[in-house]
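Data block below; observations after.
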Ligand code: CA
């Protein structure tokens, strides 16, 4: 009975909304310009002024701008000082705070709830349900279908526009040879193909004694995964650069990635070519073993906090490199994290003021720090709560590089160039759709968060290891994030009845896109659903 009522409410709202969408929409609605593109809000003035400034810059520099993405692994929204953490929580972040202060601080930046899905989203502009990369691949896991079959990366598209492209650090988007970075659009890479804990588990006898002290288990593990820093250039097979056979070697890998990124930036500057560099930290994902120069050096003297200050020092190094090469004013830097803090990791996880953590679509799992920095192009001191989905980095990068978006597939990202660059830029994104694997669980619209399915975690902090996903009852669970940022007491239908037609309409339209552009199954679906 309840279900029937809810369907009736849902159906009524949907039909009301569709009718409204054809008439005068009472809200600032996104407009669909192409069947294959996510509808975007139109801001003609900011678009025109930014297009003019970009043209002037290109006339001055003689080339398209560089794009440097600084992607931290599992950093919490509140870890950087600029977002409320830093010195107050035992790990000062002066370099990150400086680029936030001198650039644009984005307080509503959204990732997917785990590593692989976010990386796939950023690099393809497509939701994980559409690319099939719906959850992290596991140790040595070979998926049935190449995740890159029929996908096109931003690196590949920018390459076609004359960019030098590189990945430095963590990949986690396919360990089979066909799926390595140099096979899917990057000119070159140096990094790890999996995730840090995949490597530390075979080395850390305090955390994993039942594995490390059992020769048979170790032999079986080594058949699945051989930890190493790998590298390759386009046309080559990946080669081992450093075998990660000790925790001391694992501890130094982010230093290795930083040196590689500095060298790549130098080479691109020398070649006078624009570059697209994804600098993808292995930090601050558990298990943290900071480099020797950082061990015990944070005020907290804890491995996670030491890893935070190591990340900050590397941000400083890379900013200095851009400046020293004389290309800082022609480089968009975007700093973010691939998902929210991992509460399951305890003191080896990050900080945020939200509910939930990595693995969930509560704010704690998906809301991440976001900073856009570009001296001379982004006015310092800006802050915005406008919506930014990390999917949008794809469209924004292609736009800056003068490339063309593919039109034979659905692109879920939105071009946010004018939002980032205009002095008072407004977000071009109307809503963020949140998924757990193939389930649409929630959405953010304006300052509201609407849940259709919710994560329940009987043991606080066990978000990944011990949660269940259940459908909301008669009404979606709705929170006004300005009044209830911790999502504690749903206002459901009581004070949000007015907004439901719009959000339900947006969901209906979103789900319709799967008819022509369906979800992909790579074999990552669990054996028991
Ligand atoms: Ca992650």
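Let me confirm something: among 63, 126, 142, which residue is surrounded by 24 or more Cβ atoms within 10 Å (Cβ to Cβ), in a loop (DSSP other than H, G, I, E, B) and more than 16 Å from the ligand (Cβ to nearest atom)? Before you say what the answer is, go through the steps one by one.
Details: 63 fails: surrounded by 24 or more Cβ atoms within 10 Å (Cβ to Cβ); 142 fails: surrounded by 24 or more Cβ atoms within 10 Å (Cβ to Cβ).
Testing whether each residue is surrounded by 24 or more Cβ atoms within 10 Å (Cβ to Cβ), in a loop (DSSP other than H, G, I, E, B) and more than 16 Å from the ligand (Cβ to nearest atom) leaves just 126.
In the stretch 269-296, how many are under 22 Å from residue 397 (Cβ atoms) and surrounded by 22 or more Cβ atoms within 10 Å (Cβ to Cβ)? Can you show your working first?
Here is the first cut: in the stretch 269-296, the ones under 22 Å from residue 397 (Cβ atoms) are 269, 271-281.
Narrowing further to those that are surrounded by 22 or more Cβ atoms within 10 Å (Cβ to Cβ): 274-281.
Adding up the residues that qualify gives 8.
Please tell me if residue 431 is out of contact with any strand residue (DSSP E or B) (no Cβ under 7 Å at 6 or more places or on another chain) and surrounded by fewer than 24 Cβ atoms within 10 Å (Cβ to Cβ). No; evaluated as a whole, the condition is false for this residue. For the stretch 71-86, does any single residue satisfy the condition of being away from the ligand (no atom under 16 Å from the Cβ) and closer than 20 Å to residue 401 by Cβ? No, there is no match, as no residue in the stretch 71-86 is away from the ligand (no atom under 16 Å from the Cβ) and closer than 20 Å to residue 401 by Cβ.
Considering the stretch 347-366, the residues that are part of a helix (DSSP H, G or I) and out of contact with any strand residue (DSSP E or B) (no Cβ under 6 Å at 6 or more places or on another chain) include one that is nearest to residue 137 (Cα to Cα), namely 365.
Taking residues in the stretch 518-529 that are assigned by TED's automatic domain parsing to the domain that holds residue 128 and at positive phi, and partners anywhere that are modelled with pLDDT under 80 and loosely packed, with under 11 Cβ neighbours inside 10 Å, not one pair has Cβ atoms closer than 8 Å while being at least 6 places apart or on different chains. Within the stretch 317-374, restricting attention to residues that are on the phi > 0 side of the Ramachandran plot and surrounded by fewer than 24 Cβ atoms within 10 Å (Cβ to Cβ), the residue that is nearest to the chain's Cα centre (by Cα) is 346. Restricting to the stretch 145-156, name every residue that is under 30 Å from residue 377 (Cα atoms) and buried (at least 23 other Cβ atoms within 10 Å of the Cβ). Residues satisfying the conditions are 153, 154, 155.
From 259, 300, which residue is outside any loop (DSSP other than H, G, I, E, B) and assigned by TED's automatic domain parsing to the domain that holds residue 153? Full working, then the answer.
Numbers: 300 fails: outside any loop (DSSP other than H, G, I, E, B).
So the residue among 259, 300 that is outside any loop (DSSP other than H, G, I, E, B) and assigned by TED's automatic domain parsing to the domain that holds residue 153 is 259.
Per the conditions (1) under 30 Å from residue 416 (Cα atoms); (2) away from the ligand (no atom under 16 Å from the Cβ); (3) not in a helix (DSSP H, G or I), the sole criterion not satisfied by residue 293 is (1).
Quick one: which residue in 298, 246 is in contact with a helix residue (DSSP H, G or I) (Cβ under 6 Å, 6 or more places away or on another chain) and more than 16 Å from the ligand (Cβ to nearest atom)? Even if it seems obvious, please write down each step before you answer.
Numbers: 246 fails: in contact with a helix residue (DSSP H, G or I) (Cβ under 6 Å, 6 or more places away or on another chain).
Result of the check over 298, 246: 298.
Suppose the filter is surrounded by 19 or more Cβ atoms within 10 Å (Cβ to Cβ) and in contact (Cβ under 8 Å) with a residue 12 or more places away in the chain; does residue 251 pass it? Spelling it out, residue 251 is indeed surrounded by 19 or more Cβ atoms within 10 Å (Cβ to Cβ) and in contact (Cβ under 8 Å) with a residue 12 or more places away in the chain.
Going by the structure shown, is residue 416 closer than 30 Å to residue 332 by Cα, in contact with a strand residue (DSSP E or B) (Cβ under 9 Å, 6 or more places away or on another chain) and touching a residue at least 12 places away in the same chain (Cβ under 8 Å)? Outline the logic, then answer.
Details: closer than 30 Å to residue 332 by Cα: yes; in contact with a strand residue (DSSP E or B) (Cβ under 9 Å, 6 or more places away or on another chain): yes; touching a residue at least 12 places away in the same chain (Cβ under 8 Å): yes.
Yes; evaluated as a whole, the condition is true for this residue.
Does the stretch 50-59 contain at least one residue that is assigned to a loop (DSSP other than H, G, I, E, B), more than 16 Å from the ligand (Cβ to nearest atom), in the same structural domain as residue 413 (by TED's automatic domain parsing) and modelled with pLDDT of 95 or more? No, the stretch 50-59 contains no residue that is assigned to a loop (DSSP other than H, G, I, E, B), more than 16 Å from the ligand (Cβ to nearest atom), in the same structural domain as residue 413 (by TED's automatic domain parsing) and modelled with pLDDT of 95 or more. For the stretch 512-529, taking the residues that are farther than 19 Å from residue 149 by Cβ and part of a loop (DSSP other than H, G, I, E, B), the one that is modelled with the lowest pLDDT is identified as 529. Out of the residues in the stretch 321-338 that are more than 16 Å from the ligand (Cβ to nearest atom) and touching a strand residue (DSSP E or B) at 6+ places or on another chain (Cβ under 7 Å), state the one that is farthest from residue 60 (Cα to Cα). Restricting to residues being more than 16 Å from the ligand (Cβ to nearest atom) and touching a strand residue (DSSP E or B) at 6+ places or on another chain (Cβ under 7 Å), the top hit is 334. In the stretch 70-91, the residues that are closer than 13 Å to residue 367 by Cβ form Cβ pairs under 6 Å with partners that are within 16 Å of the ligand (Cβ to nearest atom) and assigned to a helix (DSSP H, G or I), at six or more places apart or across chains, as follows: 79/308. If you go through the stretch 461-480 and keep only what is touching a residue at least 40 places away in the same chain (Cβ under 8 Å) and either farther than 22 Å from residue 495 by Cβ or not in a loop (DSSP other than H, G, I, E, B) (or both), you end up with 461, 462, 463, 464, 465, 467.
Can you confirm whether the stretch 336-346 contains a residue that is part of a strand (DSSP E or B), in the same structural domain as residue 120 (by TED's automatic domain parsing) and within 16 Å of residue 98 (Cα to Cα)? Spell out how you get there, then give the answer.
Just the residues of the stretch 336-346 that are part of a strand (DSSP E or B), to begin with: 336-337.
Among the residues that remain, those that are also in the same structural domain as residue 120 (by TED's automatic domain parsing) are: 336-337.
Among the residues that remain, those that are also within 16 Å of residue 98 (Cα to Cα) are: 336.
Within the stretch 336-346, one or more residues are part of a strand (DSSP E or B), in the same structural domain as residue 120 (by TED's automatic domain parsing) and within 16 Å of residue 98 (Cα to Cα).
Would you confirm, using the coordinates I've provided, whether residue 111 is more than 14 Å from residue 173 (Cα to Cα) and within 14 Å of the ligand (Cβ to nearest atom)? Answer is yes for this residue.
For a quick check of your reading of the model, give me the residue pairs whose first member lies in the stretch 108-120 and is in contact (Cβ under 8 Å) with a residue 40 or more places away in the chain, whose second is near the ligand (Cβ under 9 Å from one of its atoms) and part of a helix (DSSP H, G or I), with beta-carbon atoms closer than 6 Å and at least 6 apart or on different chains. Listed pairs, sorted by first residue: 111/118; 112/118.
The set of residues from the stretch 159-186 being part of a loop (DSSP other than H, G, I, E, B), touching a helix residue (DSSP H, G or I) at 6+ places or on another chain (Cβ under 7 Å) and away from the ligand (no atom under 16 Å from the Cβ) comprises 184, 185, 186.
The values are calculated or read from the model by the stated rules, or taken from the named source; none is laboratory data. What you see is a predicted model, and the numbers here were worked out from it, not measured in a lab. For neighbour counting, all protein chains shown are included, and Cβ atoms are generated from backbone atoms with ideal geometry for every residue, glycine included.
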